[in-house]
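Working notes, beginning with the structure itself.
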Amino acid sequence: MSIAVLPGSFDPVTLGHVDIATRARTLFDRVIIGVAHNSTKTPLLDAHARVELARDATEHLAGVSVELVDGLLVDFCSSLGATAIVKGLRGGSDYDYERPMALMNRSLTGVETVFITGDNALSHVASSLVRDVARHGGDISPYVPPGVVAAVRRALAGT
């Protein structure tokens, strides 16, 4: 059985993330969305909320599950028997950012990274932009799965 991990902070999960998970599932028997903490970011949503929102967004996808990543991604992959990390690319700057991590992950444990080009219709969607739009009162519903809008609004309101 081929297992891949799709890691990210998913703060919040977007339709772009769901698209990558859907297409990754056609390549691997099992895809595990790994909700991780990025030390360079301060999340809007707590880790458990991000896990639950990602689960809700992907519950219709057979063979896709969501787990919290605690520690190094490569250790998480090893513990699951995953042979690949899947990363979605919106453009060249994503590749430039992801390539060094892919090389480091491979050098640490031999796990390969597979890059999937994002859908053109969603290439402008990023969690950071979704948060910014929401912070300024804009409508984020075209960019996120159901349930995310309310969770983001609650988080912004501090409730």
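The values are calculated or read from the model by the stated rules, or taken from the named source; none is laboratory data. Only a predicted model underlies this, so the values are computations on that prediction, with no experimental measurement involved. FYI the Cβ positions are ideal-geometry reconstructions off the backbone, even for glycines, and counts take in every protein chain you see.
What the table shows:
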item: Only one of ALA49, ALA62, ALA54, ALA82 that is at pLDDT 95 or above, within 22 Å of ILE3 (Cβ to Cβ) and either out of contact with any strand residue (DSSP E or B) (no Cβ under 7 Å at 6 or more places or on another chain) or of a type in the set (Val, Ile, Thr) (or both); result: ALA62
item: Hits in region 7-41 - residues which are touching a Phe, Trp or Tyr at 6+ places or on another chain (Cβ under 9 Å) and either touching a residue at least 60 places away in the same chain (Cβ under 8 Å) or part of a helix (DSSP H, G or I) (or both); result: PRO7, THR14, LEU15, GLY16, HIS17
item: Sole residue being part of a helix (DSSP H, G or I) and either of a type outside the set (Lys, Arg) or closer than 23 Å to SER123 by Cα (or both), chosen from LEU44, LEU61, LEU53; result: LEU53
item: Candidate set from region 106-118 (those that are among the polar types (S, T, N, Q) and under 17 Å from the mean Cα position of the chain (by Cα)); member that is nearest to ALA21 (Cα to Cα); result: THR117
item: Contacts under 9 angstrom Cβ, first residue in region 46-73 being among the hydroxyl-bearing types (Ser, Thr, Tyr), partner in a loop (DSSP other than H, G, I, E, B) and buried (at least 16 other Cβ atoms within 10 Å of the Cβ), 6 or more apart; result: THR58/VAL13; THR58/PRO145
item: Looking only at region 64-83, and only at residues there that are hydrophobic (A, V, I, L, M, F, W, C) and in a loop (DSSP other than H, G, I, E, B), the one that is nearest to LEU108 (Cα to Cα); result: LEU72
item: Residue list for region 22-35, filter: surrounded by fewer than 21 Cβ atoms within 10 Å (Cβ to Cβ), touching a strand residue (DSSP E or B) at 6+ places or on another chain (Cβ under 9 Å) and over 10 Å from ALA4 (Cα atoms); result: THR22, ARG23
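Condition check ((1) part of a loop (DSSP other than H, G, I, E, B); (2) in contact (Cβ under 8 Å) with a residue 40 or more places away in the chain) across all residues:
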position	(1), (2)
ALA102	no, no
LEU108	no, no
THR113	no, no
ILE116	no, yes
LEU129	no, no
GLY138	yes, no
PRO145	yes, yes
ALA151	no, yes
LEU156	no, yes
